[in-house]
Amino acid sequence: MSHEPPRSDALVFFGATGDLAYKKIFPALQAMARRGRVDFPIVGVAKSGWTREQFLDRCKASLNECGGGVDEGAFARFGPQLRYVDGDYNDPATFNRLRAELANCKRPAHYLAIPPSMFPTVVQQLGKAGCTTDARVIVESGAQIHRHHRRMVAHAGATRDRLVLLARAPGAVVRTCGVTAKFSLLLPLAVLSLARTGEARDAYLQAIALNPRRIDPYNALAAIAAERGRWDEAAERYTELLEIAPDFVDVRRSLGEAYLASGRKEDARREWRIAIQLAPGAGLALADLCMSYYDEGVLVDAAPYCERAVQARPDLPETHFAMGLVARALRRRDRARAELAEAVHLFPQGAPGRRRAEEILDRMRRHDERLPEGAPPQTLPPGEGDLRQDERPR
């Protein structure tokens, strides 16, 4: 029985007036059109105050400068499919207009060519506008795609929709196109626009056959395996990648995540410790270790790693959030409040992670208000300190 997901029926790309679209996406679309692969709506989204005509002019300028010139035959095929939505990513009206442009499309692929800090906001807005059911989201995030994007979807509250996250290895979209006559399959046509996971996998395997020392395909294959829940396969691909680039800290973290998901907790911890040895300031690897002990209830081991994570990366809300959870479980309520308050401060306005921290702080406040006068605030009734699974920063 085939497990191939249904073909996406539209492509939406955010950051449509930016450099990535100009240098990579428009030429990729023309290359796909030459092969007769563009038979779906293509919607660009950006905040530039542009009209569709200006957007089309931008596309042609891109093709002339970065795509070897406008191929009139190919442009005649994909130009009419191009649409444009102008608006602020924080404004729900932008996404309502996008929903209108998608019309009857049921399975759009959303490509986020935008800063990672905007990922949760955009996915949340897509969900509110009804654009995420059976959708795919493709992001620029490199080796740490699985952990970051599961957190992104959880924060955005999109888990009730069948939202599929696909990796695009950094720099792979157009750099692979036409590198050799033998391998002209253009990775985005498999992963980005058509979202045919099996086809993407074959493309990446072919890329490895052509150049076994190139790291991007291993990373992407690991992402595809993880998206299907094949964590042993993901771990195998990350291990192959590390044989080429053993000092790749983010891959060490991702390999640890794959090990953890497949029940190999000690192997996961080993990889996170190696990541920390390679980069002592790897705050997220420290947070990974912290939460692995936290999940076992071994708080005395979790706390030192969380402390180091906060010290290494005080700029990351996730490290403060993790420290806040551990401090709360240890009944260090003043410290928990301080760390969760700092997480609220660092998370962007409206970010789901910020709301979660605020909710926990509110529950702590309401609990303290129920205490008898003079009772120590750290005294909690049984179960009060236990955390729901969805409070954890994973």
Sole exception among (1) touching a Leu at 6+ places or on another chain (Cβ under 8 Å); (2) outside any helix (DSSP H, G or I) for ALA268, by number = (2)
Scan (1) in a strand (DSSP E or B); (2) free of Cβ contacts under 8 Å to residues at least 40 places away in the same chain for the single condition GLY44 breaks and write down its number.
-> (2)
Considering each of ALA33, ALA74, ALA10, ALA21 in turn, give the residue that is in contact with a Cys (Cβ under 6 Å, 6 or more places away or on another chain) and either outside the structural domain of PRO92 (by TED's automatic domain parsing) or touching a residue at least 24 places away in the same chain (Cβ under 8 Å) (or both).
-> ALA10
Those residues that are farther than 19 Å from ASP295 by Cβ and touching a helix residue (DSSP H, G or I) at 6+ places or on another chain (Cβ under 7 Å), I need them from the stretch 316-339; list them, please.
-> LEU316, PRO317, ARG333, ARG335, ARG337
Failed condition for VAL298, given (1) at pLDDT 90 or above; (2) β-branched (Val, Ile, Thr); (3) in contact with a helix residue (DSSP H, G or I) (Cβ under 6 Å, 6 or more places away or on another chain) | (3)
Take the residues in the stretch 329-351 that are among the hydrophobic types (A, V, I, L, M, F, W, C) and under 22 Å from the mean Cα position of the chain (by Cα), then tell me which one is surrounded by the most Cβ atoms within 10 Å (Cβ to Cβ).
-> ALA343
Being in contact with a strand residue (DSSP E or B) (Cβ under 7 Å, 6 or more places away or on another chain) and modelled with pLDDT of 90 or more is the filter here, so list the residues in the stretch 1-29 that pass it.
-> ALA10, LEU11, VAL12, PHE13, PHE14, GLY15, ALA16, THR17
Residue within the stretch 173-182 that is among the basic types (Lys, Arg), at pLDDT below 90, surrounded by fewer than 16 Cβ atoms within 10 Å (Cβ to Cβ) and closer than 24 Å to PHE13 by Cβ present = yes
Index of the failed condition, ALA287 passing every other in (1) touching a Phe, Trp or Tyr at 6+ places or on another chain (Cβ under 8 Å); (2) farther than 16 Å from ASP362 by Cα; (3) modelled with pLDDT of 90 or more; (4) crowded, with 24+ Cβ neighbours inside 10 Å | (3)
Restricting the stretch 85-117 to residues that are assigned to a helix (DSSP H, G or I) and among the aliphatic types (A, V, I, L, M), which is farthest from the chain's Cα centre (by Cα)?
-> ALA100
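The values are calculated or read from the model by the stated rules, or taken from the named source; none is laboratory data. Values in this document were obtained by computation on a predicted structure and should not be read as measured data. No Cβ is skipped: glycine too gets one built from the backbone with ideal geometry, and neighbour counts run over all protein chains shown.
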